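Single-structure report; data block below.
The values are calculated or read from the model by the stated rules, or taken from the named source; none is laboratory data. What you see is a predicted model; the values in this text were computed from it and never measured. With ideal geometry, Cβ positions are generated from the backbone for all residues, glycine too; neighbour counts draw on all protein chains shown.
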Amino acid sequence: MRNPIRPAGLALALILCVVPRSWSQNLYATSEAAQQLVEVDMSTGGVTVLFNTLSTPDSLIVDSSGRILYTTQKIGTVSIFDPSTGSNSMIVGGLSYPRDLIFDPGKASILVSNFGKGEIDRVNLVTGTLTPLVTKLGTVDGLAYGPKGQLFAVINHHTQIAQINPTTGAIVKTLTVVTNHTVSYFGLDGLTYDPYTGHLWATDVGTGANCLVEIGTGLTTFKLHQVGNLPTPDGIVSDGHGNLYIGVNLAKVFAYNIPTDTITAKVKVKNVDDVALVPGS
């Protein structure tokens, strides 16, 4: 894989990205075993409980109004929580261990990794109607849209990244990424598209990996970063400015700076699984 793509711009902008700084980004996170949604201040290390979900939240995303959509694995639901009002309601139920979420372009619907059924489902956010997009994928974890509307997913028992037609569900292409697959849950997990590099980034779980995987959107090759330095990484999100945030070992959120290939911040977050950017922070 070629080196990460650097955006054009002033040299000063590049310097500011390269030099680690004090972190001001706030994140929302799922605290899985604690059954909570929390807010994480990466600059102070403060963690604030927002909501007790009464089940095990896995993944979360944030809509344009600042509301948090999240999955709960054991009860098989997607719900929505509004931090400004404290209101919470279920969008759809009947899923089998749902994991990751992503908005479709236009944000009128979402895609859900229906892990237990090995399928990706589309949920209409107005009607709550659930429609399978693609089935028989083995398992499904991370989801990401590319800049040209390409849909990507972690499939086939954590071993592959697939490009999937978001309309028909047809698999366009796959890339196999296996580092250590001696245990069934080892392998790829979280997935995000990073505008700074123009690449996909995945978390890789396992004794032979415990790292980040950088993957070109053409799904031809991949590159490992920080091998062994991220024990059991899970959820991942990009800020689009050269930084990734990762839920690590159900215990901490790591900030990773891409240009310097360094972990620049660690914040303790009990039972953390997935992370999302707080709008405007």
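The table that follows gives values for the structure above.
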| quantity | calculated |
| --- | --- |
| Verdict on Gly187 being within 23 Å of Asp58 (Cα to Cα) and either of a type in the set (S, T, N, Q) or under 14 Å from the mean Cα position of the chain (by Cα) (or both) | no |
| Unmet requirement for Ala153, which otherwise passes all of (1) within 19 Å of the chain's Cα centre (by Cα); (2) assigned to a strand (DSSP E or B); (3) without any contact (Cβ under 8 Å) to a residue 60 or more places away in the chain; (4) under 22 Å from Ile75 (Cβ atoms) | (4) |
| Qualifying position, being assigned to a loop (DSSP other than H, G, I, E, B) and either surrounded by fewer than 22 Cβ atoms within 10 Å (Cβ to Cβ) or modelled with pLDDT of 95 or more (or both), among Val213, Val172, Val183 | Val183 |
| Subset tally (residues that are part of a loop (DSSP other than H, G, I, E, B) and touching a residue at least 40 places away in the same chain (Cβ under 8 Å)) for region 102-147 | 5 |
| Which numbered condition Lys148 misses (of (1) of a type outside the set (Asp, Glu); (2) surrounded by fewer than 23 Cβ atoms within 10 Å (Cβ to Cβ); (3) more than 18 Å from the chain's Cα centre (by Cα); (4) more than 22 Å from Gly242 (Cα to Cα)) | (4) |
| Positions within region 220-257 being part of a loop (DSSP other than H, G, I, E, B) and either touching a Pro at 6+ places or on another chain (Cβ under 6 Å) or closer than 17 Å to Val40 by Cα (or both), in sequence order | Asp239, Gly240, Gly242, Asn249, Leu250, Ala251 |
| Some residue of region 221-232 being closer than 16 Å to Leu143 by Cα and β-branched (Val, Ile, Thr) | no |
| Selection status of Thr56, within 23 Å of Tyr245 (Cα to Cα) and free of Cβ contacts under 8 Å to residues at least 40 places away in the same chain | yes |
| Listing of strands (runs of 3 or more DSSP E) fully contained in region 31-79 that carry 3 or more residues being of a type in the set (Val, Ile, Thr) | 47-52, 68-72 |
| Of residues in region 154-169 being under 19 Å from Glu214 (Cβ atoms) and not small (Gly, Ala, Ser), the one surrounded by the most Cβ atoms within 10 Å (Cβ to Cβ) | Val154 |
